[in-house]
Every structure is written in C-alpha cells, then in structure tokens.
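S.K.: Mind looking over this structure? Questions follow.
The values are calculated or read from the model by the stated rules, or taken from the named source; none is laboratory data. Everything numeric in this text was worked out from a predicted model, so none of it was measured. A quick note on method: Cβ atoms are made from the backbone with ideal geometry, for glycine too, and the neighbour counts reach across all protein chains shown. Note: areas computed on protein heavy atoms with side chains; ligands, DNA, RNA excluded. Shrake-Rupley method; radii C 1.70, N 1.55, O 1.52, S 1.80 Å.
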There are 2 protein chains.
Amino acid sequence: MTGTVAEPAAQVEQWLSSFEDALARGDAATASELFLEDSYWRDLVALTWNLKTVEGPEGVRDMLEATLADAKPRAFATTEEPTEAEGVTEGWFEFETETGRGHGILRLRDGKAWTLLTALRELKGHEEPRGMARPLGVEHGADRDRETWLDARRREAEELGHTRQPYVVIVGGGQGGIGLGARLRQLGVPTIIVERNERPGDSWRKRYKSLCLHDPVWYDHLPYIKFPENWPVFSPKDKIGDWLEMYTRVMELNYWGSTTAKRASYDEERQEWVLTVERDGADITLRPKQLVLAQGMSSKPNLPEIEGMDVFKGDQHHSSQHPGPDAYRGKKAVVIGSNNSAHDICAALWEHAADVTMVQRSSTHIVRSDTLMEIGLGALYSEQAVASGITTEKADMIFASLPYRILHEFQIPLYDQMRERDKDFYDRLEAAGFQLDWGEDGSGLFMKYLRRGSGYYIDVGASELVASGDIKLQSGKVAKLTEHSVVMEDGTELPADLVVYATGYSSMNGHAADLISQEVADKVGKVWGLGSDTAKDPGPWEGEQRNMWKPTRQEALWFHGGNLHQSRHYSIFLALQLKARMEGIDTPVYGLQEVHHLA
Amino acid sequence: MTGTVAEPAAQVEQWLSSFEDALARGDAATASELFLEDSYWRDLVALTWNLKTVEGPEGVRDMLEATLADAKPRAFATTEEPTEAEGVTEGWFEFETETGRGHGILRLRDGKAWTLLTALRELKGHEEPRGMARPLGVEHGADRDRETWLDARRREAEELGHTRQPYVVIVGGGQGGIGLGARLRQLGVPTIIVERNERPGDSWRKRYKSLCLHDPVWYDHLPYIKFPENWPVFSPKDKIGDWLEMYTRVMELNYWGSTTAKRASYDEERQEWVLTVERDGADITLRPKQLVLAQGMSSKPNLPEIEGMDVFKGDQHHSSQHPGPDAYRGKKAVVIGSNNSAHDICAALWEHAADVTMVQRSSTHIVRSDTLMEIGLGALYSEQAVASGITTEKADMIFASLPYRILHEFQIPLYDQMRERDKDFYDRLEAAGFQLDWGEDGSGLFMKYLRRGSGYYIDVGASELVASGDIKLQSGKVAKLTEHSVVMEDGTELPADLVVYATGYSSMNGHAADLISQEVADKVGKVWGLGSDTAKDPGPWEGEQRNMWKPTRQEALWFHGGNLHQSRHYSIFLALQLKARMEGIDTPVYGLQEVHHLA
C-alpha cells in the first residue's frame, strides 16, 4: 500500500521542488521543460496580474520570462495528500509571490506538468479581517472620541460619493455587483454600487413570475455567507431576491438603489472616471478611479426588428419584460425563441390556460434538470459532494483548474451519457418536431454557456408539454406581424393576443457603448466567449473568457458577471486586482488580450 | 499505542452494550447498576419529554421505570473515537427511541457511568427538510394549479391568525422568539411571533447607544445560519439588530411586529389559548394550542421604590429606557447599580464628558473580557476551538453534558486562574473602594448567570475608569431623592441631573402575571435559577433551570429565552416538544417540576 500511496506525494514534491529551484534561479527555460508539450498553465492574477492560460513549454517560458522578476513565486508546498488516477497525479498546493499568497492545483503525467493552476488568494499586508483576524467589534477601554458602529455607518453613507469619492463604482447591483461589493468591502476598498432598481434583489423579483434558478443551491452560494441547509435546491426568484437584499445589508455595502448611471468618461489626466448618476431625481457626479460594469449578461435585451411590430394590436414585449401569465388566461400567445426563458414562459402561460405556440428559429440544446444535476454537476456541486469533503470553494478550484482549451473533452462523455439515459425523452421531443442539438462538438450545456451564453434549456417540465403538443411548436423564421397574428416565412399564420420575444441578450460591451461611448466599446471589443470558432463565438482562440474579470483595453474599466458560480469565484480575483491598484502595488499585466471582434 | 487507544473504545462499547441489553429487557435495576453512586444522567426530551437530570443509581432506576416502556431506547452506537483523560473515558454516541433519534455523551469512571447526556435530535417521520432532504424549491413538470413561492407566502400571511389558527404563538420577537420560530418553521408547526416593536432587532436597536454583545460571536450563532467569518467578535447592537431582521425574513417567519399581546386565558374545554393582541390599532383574537413566553430575562424592569422619586426634577429612568449619553454632556449623572448595564452606561456617559457617579449597593463579580474569552470560553467557543473541530453544535453538547449539580466544580479553578492573572487589576479596583465578589462559592460568572442571571460585569473598559476615579464610586444604600440629588443612607448627597436605575429585571413569570393572571403566574412559580441556595436562587435543588424550555405546571404554557447560546441550543428541545404535541405523539412527562417559589 505504501508504494502506491507514497508515489503521488513524492512525484508532486519532486516536481514542485524542481520547479521552485528553476524559478528561484530565474531560469524560465528549465522551468518550462517541466511541462508536457501538450500542457496548460492557468494563472489567476498570481503572476500575470491577468486571467491567463498559456500552453506548452513555449507558452510557459514566455510567461515566466515576462513575470518572474516581479512576481518571484516561491515557497510551494502541498496542502493535501496528492492522489493518482488513470495516469494523472494530482496535487493541491500553496505558494507565495513577492506581493501575495496563492494556491493551486497541479496535474502530472509521466512526471511532467499537464495542467497547472495558480490563483492569488490574498495580498501580503492586506489580508482580509476574518476568522482569527476578524474585527473585535468594540474598542475595549474608554475613549472620549468613540464612534459607534451605527454612527460610523451613517457617516460613511453621508460622506461617500459626496465629500469623499469611492475608489470603485460598480454599475449594476444584481448578484454580481453585490458579491463583488462584498469582496471589496472586506478588502477595505471604498465602493458604491449603483442600481436602477429600488432594492437589492429587484432584478430577480421583477422577472417572470414562475422563474426559479436553474442552477442548484450548491452552485449558487455568494461569498462569505452560504445558503443555509434548508435552502431549496432551486431558489424561487423572490426568495433569492430577499437573500440578496439581506446580504447587502449585513455585508454593509454602500448600495445606491433607484439610481441610474447616465454617462461616464475617463479623465486621462486625473486618471479617474467622471460618472454621472441620477439619484432621487438629482444628478450626482462621482469620480471613482475604477469603474466596473456588472449589469449582467442578461440585461441588454436583443429585440428583433420584424415587419409589422408597429401595427400589432396585442401585447408584445421582450422576455425580460414579461409580467407573467396571469393576464393571459384563455388568450393566444406566441413566444418567439426556444431557449430557457422561452420554455419557462410557455409553460407558465400553458399552466394559466393560455393557448401557447413556441416559435423555434434554430436548434436548441435540451438537458433534463435532474440528469444535469446528477451527471453534469453532482461530482462537484451537490449534497453528496459536500458530504465527501468537496466544499464549494474546492469545487470552484477544481472547475477552474480544467483548461478551457480541453474542457469540451471532459464534457462530451457526460453528454453522451445524458443522451443515452434520456433517449425516450429526446425521441418524443424530436417526434413532435423539435430540433435538438448538443453543441457543435457535442459538448453540451456548459460549453454553450461559456462560449455564447445561450442556446439551451434546462428542462424542468416544459419539454413534456412540447412533446405532447400542449405547447404548440412552429419551426422557421417569422416573416411579419399583422394586427392580430404572427406570420411565418412559410405563410403559416399564428393568431396572437400576445407576442413574447424570447430572443436573448447582446454583448456586454453594449453597456460600455451606452454609458461611455461607442469608441470605448469598440476599443474593448466583444465581451464573453472563448474564441472557440463555434456559433456566436468566432475565433481565434483566446484562452480565457473575453474581457471578464481582468484588464481590458480601456484603462480602469472592468466587466464582472456571469452566473452565481462565476460571480462568486471570479469576484475575488477582480477584487484583488482593484485592491492592488488602490494600494499602489505594481501590477504589470502579462498578455493583455487582443481585440478581434467588436461585439 | 494500540493498548491505550483501543481501550476507551472498548470500554464505551461494552458499557453501551450492557446498558442496551438491560434496557431491552426492561430491566431498570440492572441498567441503574451501571451508574456510579455519584452519577448524573441528563435527559433532554429523549426519554422523559422533559429536561431532567437524575442522580445516582436510584434516580436512574426511578426514571427508567417510568419511561422505558414508552421510550424503548435502543440502537446505541458510538459516533466518534472515544477518548480518555485523567481517568475519565468519554464517548459520543447516537441512539433511537420509539418516536425519535437522539445523540449523547457518556463519561465513564472505572467502567461505570459518571455522566450521561441523552438528547433528542429529531422525531421519526418528522425529520427536518434540510441537507439531503432540502426542498426542491420548484415543482418540476407542468401543473395548472401551481402556486409560486411568493403566492404561497402571501396566502400564508393573509390566512394565518385570521382564517387559520397558528398552533403556536410566541410572545416576544427578540433573538429567543426568532430562533425558536425558525426551528418551528423547519418542523412545519404553524407559528406566529408577536412583538411590540416594529421590526425584528428593535429590542437591540432601542437599547443604549454604546451597547455591544458581551458574549463573543462563536457563542452567539443562531440556528441554521452562522454569522460569517468577518463578523466582529462582539456584535454592536445595531448590527445584531440587522442580522435578526435579515434572519427573520430569509427564514420566512410569520412575524407580527408593532403588535402587543394584551391578555390571554386558557380555554380548558377546547384545550387552547384565547389570546388578544393589538395589531395596527385593532384587537385580534388568536387561538393557539400552545403559548410560548419569550419576552426575555431582561424585559421586566425592576424599578426600585425610593422616597422622592416623584419630586426629582431631572431625568430618571430604568437602564432599559436609557437613551444613551448624548443629551448629558457636562451634566451630573448618578447610576444606581453596579452590574453590566450600570458599567456600560457609566462608561458611555463619561466618554461624553458627563460627571458620573456609580452607586454600588452590594458586591459585584467582575471579569475582564479577554480573560473570560481565553480562560472561560476559549476551549469551547473561539476561533481556535472551531479550528480544532469543536463546532458550535459540539460545544453546545459538551456544555450541556456537564451536570448543573457539579458544574461549579469545573468553574472554580478557572476563576482562580483569572483572579491570579488579573491580580493587579483587582487590587486597583478594591483600592478604589469597589466591592468585589466571585460568587458565594467562588464559581464565577456562568454560575451566577445560571443561578440568578445577574450580579456581574464583563469588563470592557469601565472598570479602569472606576479604578482611576474617573467614574466616581459611592457605596451603600440610597435613602431618598430630592429635587436635584440622590441622598445616601449615610447622608452623602450626590447632585444629579440624571438618575439611571440599573437595577435589573424580575422573574419571567411576571410576564405570565401580566398577560394571563397572577393565579397562573403563581401556579407556574419562579422562572430561572437552579435552586443552588445561593443569593437570589433559593433552594431546594431543582436539577434544571426552573420552567425554562420544558413543561410547566400550566398546561400548554412555555418559557423560552436566555442568552444566545441557550436560545440556540434549547430551542430545538422546545420545538420538538411542541411538534410532538401537534402531531399527537404521546408525550408522557417524567418528573414535572415542583413549585417552591412564587417569583
């Protein structure tokens, strides 16, 4: 037994030791030779002050030559017993750089690195006050200038944005802005979150009535406060709204609700943003050093232009504006689109006895929720995973350690399993005329999400209504609208009292165009996607998600968002980048992304 | 090594096995012989449907003879590796009864039981929906009668207390009522919490401005949601207020704020309470089956009657009504009392440049906060304890497993250490004329708390002001008040613009007198205390805290409260007792307490 158990540990120790020796000598060439030809090093802010994946010895060498002198990575030490499976040895470790402390995961094949993840965890001298270092809460002793917690909070609310400028403004107070705001608060970075809705959570509350999260609770935790163990697997929208509101309060965020960001420009000379917001009917000018756009992937509605939209006499709106089914009992509804929102809205309308037609314009990837939970997520995000020691934080690290370049290879076999398991279900759907796909390379939902953020439905019941014909299905393109109908290109006329455009959202740099200028939006380029050269994610390969959580081509402009998992996991890296800049720590960025697409 | 490691396990296994055999045969006599003469079995609702400690083989035998046939305890199994230290072998175990599942801690000396704790954890068939059993949150599939989460919450708010009666009403919505409310919600017991303040947390917010919790965060967690790791050690009052408000919302409690419980009577025939509350200016009659008084130990102010109170021209109020120091800058303040509130208020007044005199009427027990944290609490409730695997839940069990009868024996050496460590501090205090005590038997703060709930100050700075004379000290009894002064029995006259009566609170059965009747209050008798025959806790020995969290002499009337630790830990036992009654489970109470004192 000792032989097989000791070996992975020895392998990892030896590799880390050789690696550290080479790094200590500034010898990028030797260090790079410790990597397989076919290898991936993903660095999250630790060496590169960027989110960056390099490939093969050459990529490693280039990165090290550029970063070694400043970063001085060292003190690598394993933190858990390394393991081995199917020829891959895996080791978790911690390390230091000149400015911070980090952790990572190494995978070896034949003694050489196949994948390496290095992730910054904290900045030296700027550790978060928590755990052993949590604040005392009260200053013991007697102090005639004592300020109570409440006084301090009130003073901060009066000063920040008025007599004292925030270092960061986050535009968008959904889960993304709130989670990042909490990280920044913890790091002592003065921040204001600007949100057009009145209360935290309203961006959920205002969506269609039947909405529940499609991701399960283990995947959805915010930083610092986990959902309790009685929390439902799939949070109803109003319940998650309440959680976000309470989280904002107890994390003491400076949250400006009912506030609209109107325009922003970067003052090159003073190296700060001039941001005008409207709050309580009055314009306020904020001058933050850093500006984060966190309005979300699903906030710039993509409304199609269809002939006759101006003559249609019924109700018509984008899915994001859909009020729910109550007013449409007995009415005829046409929902254009066949992804998540389209399915949810169709099902809720059907439940309220509307006559519903779904218009499918292109093929859709469908996965049944319980199948996805079990096969797609269960190993990392489930009650079973938690019970076996895979905390959410560990799961996030494991997920982050799988290189985007080969992630689809891990995904394809899972989706093959799902297709097999639910064969009858898919047969029924196809028999009803529904056009299915599994992503261009069969890699399924997560890859579609990472590449284009659309093109799928996690089935929680609507697909059976489609298969049974309860939700009517119409394939093809819409030609036009008349006063009371939707007319398809093949001439089919669909009578309609309601048309819902479940037609998705556009690239987040559109927010920069709206708020700052088209010029800045173009300078930054497309946001999201990997460059996989699949539909809606054109090449070339970029290695990381475009413009998310990392420096952009516009100084001091950042994008934050994604699902709850990404918002949680990547917010720490964005927060550390902002904190380092506030503290005047040198942050030389390695491999700033090129811009290949405008939107 | 195997010898010493295996031995405790074998000892515990063997004891549990012999114990279970005897119980299975219904042989109380043999089972009782497994206990030392000098032994204690504490049962929390598992066998006795009571909180009950019995002593020695005779006590064990009596309890078993009364409970065995119904409870049928069985399936005892260790849950952790037993340990041994100083001749005591300790084992954690789980077990079942006819109606529930429980866990406990056994301590053996010479192979016989010295202490045994058995605690009910859940009722069979009524397990809480959490962890693996958490709700799904959304009903997958299509359902034309679907009710959203929000609709269901709204309907519940409209119905409960109006068209549908709650099973339980909790009077008092502080941390006690809220924590119990959460437990009952989890168990599906329809409950309304009635609170005269507007919002959850107001009972903290409205107290004096400088107030912070004197117990540290690890001791203060509520059930289900722990304070996050950035939470301060000592929560400022407004911050804990926000937490309680958040908690009430996300735990989905039916919380009636701005509602006053006016009167209640028990309808013997219908076996339910008739409770009149005033809400939004209108009287509403509630008819719960069970009534819980959770107004707290610190809610019935004990206001002394002193000659001249009616002629005094300055401000005078009980400490619970003290608004804080702001209005008293440069004024002369006399604070009557020398416990926690008195010290906090004196210090805050001094910080605001008032001229402050503390009137000490009897000796006080003082412990410095950091000393108490380190020596008194550190092993169970601290960041170090958490790091070494002592979760809050485990710490609660350990604390509960130490019998009240001998608890002072564990405490005395700790307080001896504290006295030694802070000798200079105590010398300075005594030199300033402050009268110190350590409890009648030197057992210190926790025992004072459990016995009388008063008589101490956890020093967070005021004592140095007393020692230095910045807070003036006056010993003795107050004779009278004049228009502008407090006059002591020795004739000393203390000029005063403000008099604060930091004179404590009276027994919680006073709440029953106010709400129900003096007759019921007397039937129930004194609430709190152990019968230790020390000051304010007259004998005879009762074995458990009087009337807390367990059946009282008034059917369907319960008292809940205590500090955050007790509210958290004992709320589960009270909740299970209420749930069992709602479900019609037979709950024969063993050893219902005698009433020895009226208040």
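S.K.: Looking only at residues that are away from every other protein chain (no Cβ under 12 Å) and without any contact (Cβ under 8 Å) to a residue 60 or more places away in the chain in the stretch A:366-379, which one is surrounded by the most Cβ atoms within 10 Å (Cβ to Cβ)?
M.R.: Selected residue: A:I375.
S.K.: So for the stretch B:160-174 (the condition being within 14 Å of chain A (Cβ to nearest Cβ) and closer than 20 Å to B:M246 by Cα), does at least one residue qualify? First the steps, then the outcome.
M.R.: Step one: filter the stretch B:160-174 for residues within 14 Å of chain A (Cβ to nearest Cβ), giving none.
No: the stretch B:160-174 contains no residue that is within 14 Å of chain A (Cβ to nearest Cβ) and closer than 20 Å to B:M246 by Cα.
S.K.: If you scan the stretch B:147-171, which residues turn out to be open to solvent by 10 Å² or more (accessible area, probe 1.4 Å) and in contact with a Lys or Arg (Cβ under 9 Å, 6 or more places away or on another chain)?
M.R.: Listed by number, the residues that qualify are B:E147, B:T148, B:W149, B:L150, B:D151, B:R153, B:E156, B:Q165, B:Y167.
S.K.: Let me ask something else about it. I'm trying to understand the selection: among the residues of the stretch B:323-365, which are more than 14 Å from chain A (Cβ to nearest Cβ), open to solvent by less than 20 Å² (accessible area, probe 1.4 Å) and within 19 Å of B:Y456 (Cβ to Cβ)? Give the derivation first.
M.R.: Step one: of the stretch B:323-365, the residues more than 14 Å from chain A (Cβ to nearest Cβ) are B:327, B:331-339, B:341-342, B:357, B:359-365.
Next, from what is left, pick out any that are open to solvent by less than 20 Å² (accessible area, probe 1.4 Å): B:333-338, B:342, B:357, B:359-360, B:364-365.
The answer is B:V335, B:I336, B:G337, B:S338, B:A342, B:V359, B:Q360, B:T364, B:H365.
S.K.: Taking into account only those residues within the stretch A:250-284 that are within 14 Å of another protein chain (Cβ to nearest Cβ) and touching a residue at least 40 places away in the same chain (Cβ under 8 Å), which is farthest from B:G241 (Cα to Cα)?
M.R.: Going through the stretch A:250-284, the residues within 14 Å of another protein chain (Cβ to nearest Cβ) turn out to be A:250-253, A:255.
Now narrow it down to the ones that are touching a residue at least 40 places away in the same chain (Cβ under 8 Å): A:251-253, A:255.
Numbers: A:M251: 13, A:E252: 13, A:L253: 16, A:Y255: 19 Å.
Top of the filtered list is A:Y255.
S.K.: Hey, another quick one. For the stretch B:444-457, check the following and say yes or no: at least one residue is within 14 Å of chain A (Cβ to nearest Cβ), of a type in the set (S, T, Y) and in contact (Cβ under 8 Å) with a residue 12 or more places away in the chain. Give the steps one after another, and end with the answer.
M.R.: First pass over the stretch B:444-457, keeping only residues within 14 Å of chain A (Cβ to nearest Cβ): B:457.
Right, trim to of a type in the set (S, T, Y) and you get B:457.
The next check asks that each one be in contact (Cβ under 8 Å) with a residue 12 or more places away in the chain; those that pass are B:457.
Looking for residues that are within 14 Å of chain A (Cβ to nearest Cβ), of a type in the set (S, T, Y) and in contact (Cβ under 8 Å) with a residue 12 or more places away in the chain, one finds at least one in the stretch B:444-457, hence yes.
S.K.: Shifting gears a bit: What about B:T276, is it polar (S, T, N, Q) and either open to solvent by 10 Å² or more (accessible area, probe 1.4 Å) or in contact with a His (Cβ under 9 Å, 6 or more places away or on another chain) (or both)? Even if it seems obvious, please write down each step before you answer.
M.R.: On the way: polar (S, T, N, Q): yes; either open to solvent by 10 Å² or more (accessible area, probe 1.4 Å) or in contact with a His (Cβ under 9 Å, 6 or more places away or on another chain) (or both): yes.
Yes, satisfied.
S.K.: Still on this structure, I have one more. Select from the stretch A:515-535 the residues that are part of a helix (DSSP H, G or I) and either β-branched (V, I, T) or at pLDDT below 95 (or both) and list them in ascending order. Quick ask: steps written out before the conclusion?
M.R.: We begin by selecting, within the stretch A:515-535, every residue part of a helix (DSSP H, G or I); these are A:515, A:518-524.
Residues satisfying the conditions are A:V520, A:V524.
S.K.: Just to be sure before I move on: is B:L117 open to solvent by less than 30 Å² (accessible area, probe 1.4 Å), away from chain A (no Cβ under 14 Å) and closer than 30 Å to B:Y40 by Cβ in the structure I sent?
M.R.: Details: open to solvent by less than 30 Å² (accessible area, probe 1.4 Å): yes; away from chain A (no Cβ under 14 Å): yes; closer than 30 Å to B:Y40 by Cβ: yes.
So B:L117 fits the description; yes.
S.K.: Also, quick follow-up: Given the criteria over 29 Å from the mean Cα position of the chain (by Cα), surrounded by fewer than 13 Cβ atoms within 10 Å (Cβ to Cβ) and closer than 17 Å to B:L108 by Cα, does B:A31 qualify? Let's see the steps before the verdict.
M.R.: Numbers: over 29 Å from the mean Cα position of the chain (by Cα): yes; surrounded by fewer than 13 Cβ atoms within 10 Å (Cβ to Cβ): no; closer than 17 Å to B:L108 by Cα: yes.
Here the answer is no, as B:A31 does not meet what is asked.
S.K.: Quick check: is even one residue across the stretch B:98-113 modelled with pLDDT of 95 or more and in contact with a Pro (Cβ under 6 Å, 6 or more places away or on another chain)?
M.R.: Within the stretch B:98-113, none of the residues are modelled with pLDDT of 95 or more and in contact with a Pro (Cβ under 6 Å, 6 or more places away or on another chain).
S.K.: Here's another thing I want to ask about it. Just to be sure, is A:R107 within 30 Å of A:P588 (Cα to Cα), open to solvent by 60 Å² or more (accessible area, probe 1.4 Å), away from chain B (no Cβ under 14 Å) and in a strand (DSSP E or B)? Reasoning before the result, please.
M.R.: Details: within 30 Å of A:P588 (Cα to Cα): yes; open to solvent by 60 Å² or more (accessible area, probe 1.4 Å): no; away from chain B (no Cβ under 14 Å): yes; in a strand (DSSP E or B): yes.
Here the answer is no, as A:R107 does not meet what is asked.
S.K.: From A:T83, A:T89, grab the single residue that is of a type in the set (S, T, Y) and open to solvent by less than 50 Å² (accessible area, probe 1.4 Å). Before you say what the answer is, go through the steps one by one.
M.R.: Details: A:T83 fails: open to solvent by less than 50 Å² (accessible area, probe 1.4 Å).
Within the list A:T83, A:T89, the selection yields A:T89.
S.K.: Is it fair to say B:A385 is open to solvent by less than 10 Å² (accessible area, probe 1.4 Å), farther than 26 Å from B:E440 by Cα and within 14 Å of chain A (Cβ to nearest Cβ)? Explain how you work it out, then say what you get.
M.R.: Details: open to solvent by less than 10 Å² (accessible area, probe 1.4 Å): yes; farther than 26 Å from B:E440 by Cα: yes; within 14 Å of chain A (Cβ to nearest Cβ): yes.
Spelling it out, B:A385 is indeed open to solvent by less than 10 Å² (accessible area, probe 1.4 Å), farther than 26 Å from B:E440 by Cα and within 14 Å of chain A (Cβ to nearest Cβ).
S.K.: Test A:K239 against the stated conditions and say whether it is within 8 Å of chain B (Cβ to nearest Cβ) and either touching a Ser or Thr at 6+ places or on another chain (Cβ under 7 Å) or under 30 Å from B:Y247 (Cβ atoms) (or both). Break it down stepwise before answering.
M.R.: Numbers: within 8 Å of chain B (Cβ to nearest Cβ): yes; either touching a Ser or Thr at 6+ places or on another chain (Cβ under 7 Å) or under 30 Å from B:Y247 (Cβ atoms) (or both): yes.
Spelling it out, A:K239 is indeed within 8 Å of chain B (Cβ to nearest Cβ) and either touching a Ser or Thr at 6+ places or on another chain (Cβ under 7 Å) or under 30 Å from B:Y247 (Cβ atoms) (or both).
S.K.: Within the stretch A:129-144, how many residues are within 30 Å of B:V466 (Cα to Cα) and at the interface with chain B (Cβ under 7 Å from one of its Cβ atoms)? Lay out the reasoning, then the answer.
M.R.: In the first step, residues of the stretch A:129-144 are kept if they are within 30 Å of B:V466 (Cα to Cα); the result is A:134-144.
Cutting the leftovers down to at the interface with chain B (Cβ under 7 Å from one of its Cβ atoms) gives us A:134-138, A:140-144.
Summing the residues that are within 30 Å of B:V466 (Cα to Cα) and at the interface with chain B (Cβ under 7 Å from one of its Cβ atoms) in the stretch A:129-144 gives 10.
S.K.: Could you tell me how many of the residues in the stretch B:206-228 are open to solvent by 10 Å² or more (accessible area, probe 1.4 Å), at pLDDT 95 or above and within 7 Å of chain A (Cβ to nearest Cβ)?
M.R.: 1
S.K.: Is one or more of the residues making up the stretch A:120-128 open to solvent by 20 Å² or more (accessible area, probe 1.4 Å), touching a residue at least 40 places away in the same chain (Cβ under 8 Å), under 30 Å from B:S210 (Cα atoms) and within 14 Å of another protein chain (Cβ to nearest Cβ)?
M.R.: The answer is yes, given that some residue of the stretch A:120-128 is open to solvent by 20 Å² or more (accessible area, probe 1.4 Å), touching a residue at least 40 places away in the same chain (Cβ under 8 Å), under 30 Å from B:S210 (Cα atoms) and within 14 Å of another protein chain (Cβ to nearest Cβ).
S.K.: If you don't mind, another one. For the condition modelled with pLDDT under 95 and either open to solvent by 30 Å² or more (accessible area, probe 1.4 Å) or of a type in the set (G, A, S) (or both), what is the one hit in A:A599, A:A575? Please lay out each step first, then the result.
M.R.: Values: A:A575 fails: modelled with pLDDT under 95.
Step by step, each of A:A599, A:A575 is checked, and only A:A599 is modelled with pLDDT under 95 and either open to solvent by 30 Å² or more (accessible area, probe 1.4 Å) or of a type in the set (G, A, S) (or both).
S.K.: Additional query: Is it true that B:G174 is over 29 Å from A:E383 (Cα atoms), open to solvent by less than 50 Å² (accessible area, probe 1.4 Å) and under 30 Å from the mean Cα position of the chain (by Cα)? Let's see the steps before the verdict.
M.R.: Numbers: over 29 Å from A:E383 (Cα atoms): yes; open to solvent by less than 50 Å² (accessible area, probe 1.4 Å): yes; under 30 Å from the mean Cα position of the chain (by Cα): yes.
It is true that B:G174 is over 29 Å from A:E383 (Cα atoms), open to solvent by less than 50 Å² (accessible area, probe 1.4 Å) and under 30 Å from the mean Cα position of the chain (by Cα).
S.K.: Same structure, new question: From B:A348, B:A333, grab the single residue that is in a strand (DSSP E or B) and more than 30 Å from B:K262 (Cα to Cα). Give the steps one after another, and end with the answer.
M.R.: Numbers: B:A348 fails: in a strand (DSSP E or B).
B:A333 is the lone residue from the list that is in a strand (DSSP E or B) and more than 30 Å from B:K262 (Cα to Cα).
S.K.: Something else about it: Yes or no: A:R185 surrounded by fewer than 22 Cβ atoms within 10 Å (Cβ to Cβ), assigned to a loop (DSSP other than H, G, I, E, B) and more than 8 Å from chain B (Cβ to nearest Cβ)? So that I can check it myself, show each step before the final result.
M.R.: Working: surrounded by fewer than 22 Cβ atoms within 10 Å (Cβ to Cβ): yes; assigned to a loop (DSSP other than H, G, I, E, B): no; more than 8 Å from chain B (Cβ to nearest Cβ): yes.
In short, no.
S.K.: If the requirement is being surrounded by 15 or more Cβ atoms within 10 Å (Cβ to Cβ), within 14 Å of chain A (Cβ to nearest Cβ) and over 15 Å from B:S362 (Cβ atoms), which of these qualifies: B:V466, B:V499?
M.R.: B:V466
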